[in-house]
Amino acid sequence: MCSSDLVLMAEDQGMVRGALATLLSLEPDIEVVAQVARGDEVVPAALRERPDIALLDIEMPGATGLEAAEWLAAELPECRILILTTFGRPGYLRRAMEGGAAGFLLKDAPASELAAAIRRALAGDRIVDPGLAAAALSQGECPLTPREHEVLSASREYATVAELAQALYLSHGTVRNHLSSVMQKLDARNRAEAVKIAEENGWF
């Protein structure tokens, strides 16, 4: 009898996690050995169960799937990583691949593709949706400097320039200059639109 490929699944929605695990259990060569609902539970579970491959959602409590992928690649490099998400954002794809992921799959892909993707990843292939890959290549890197990125990210939580300045220990003028530069680079009419553009591209 052939040995099974061992799978860890990280997904915060219990119904989705259970459905995927059931789907994979129908495959004769795949066994789901761990299921977690939080990003910060991925590495401990992986070190305990030693899976061959990890399926990671992006949006999870505790840590994102992208963060968990980086930690897992460092702690258990022999474990292959597939990001499975509803968020087909080019920036997420770029970060996933830079973080050590072997593939990036969208949840709306046909169910039959998941088991095939697992086998391909374990065989050493990289699995990426062609349209998403093209979008990531055409998009390029995030155009913001680290400080501009920090200011824009913080502006989701702090409404006024004064609050931003206090939170980031910057002068009001410096905050305004950074926000102005961000809006110019992203061709945004205002701060809210700049935040939306960055979120849609997966830059946060």
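Of all the residues in the stretch 153-185, those that are part of a helix (DSSP H, G or I), closer than 24 Å to E59 by Cα and modelled with pLDDT under 90 number 1.
Results for (1) surrounded by 14 or more Cβ atoms within 10 Å (Cβ to Cβ); (2) of a type in the set (A, V, I, L, M, F, W, C), shown as yes or no for each residue.
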position: S3; (1), (2): no, no
position: L6; (1), (2): yes, yes
position: A10; (1), (2): yes, yes
position: V16; (1), (2): yes, yes
position: L23; (1), (2): yes, yes
position: P28; (1), (2): no, no
position: E31; (1), (2): yes, no
position: G39; (1), (2): yes, no
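Can you tell me which residue in the stretch 11-58 is farthest from the chain's Cα centre (by Cα), limited to those that are aliphatic (A, V, I, L, M) and under 20 Å from R126 (Cβ atoms)?
I30
Give the residue, chosen from L76, L26, that is free of Cβ contacts under 8 Å to residues at least 40 places away in the same chain and under 16 Å from R119 (Cα atoms).
L26
Which of the residues spanning the stretch 129-152 are buried (at least 19 other Cβ atoms within 10 Å of the Cβ) and either among the aliphatic types (A, V, I, L, M) or modelled with pLDDT under 70 (or both)? Across the stretch 129-152, the qualifying residues are A136, L144, V151, L152. With respect to the conditions (1) of a type outside the set (V, I, T); (2) modelled with pLDDT under 95; (3) under 18 Å from L24 (Cα atoms), P90 falls short on a single one, namely (3).
Looking only at the stretch 108-115, decide whether some residue is under 19 Å from the mean Cα position of the chain (by Cα) and at pLDDT below 85.
yes
The values are calculated or read from the model by the stated rules, or taken from the named source; none is laboratory data. In this text, all values refer to a predicted model and were calculated from it rather than measured experimentally. In this analysis, Cβ positions are derived from the backbone assuming ideal geometry, glycine residues included, and neighbour counts consider all displayed protein chains.
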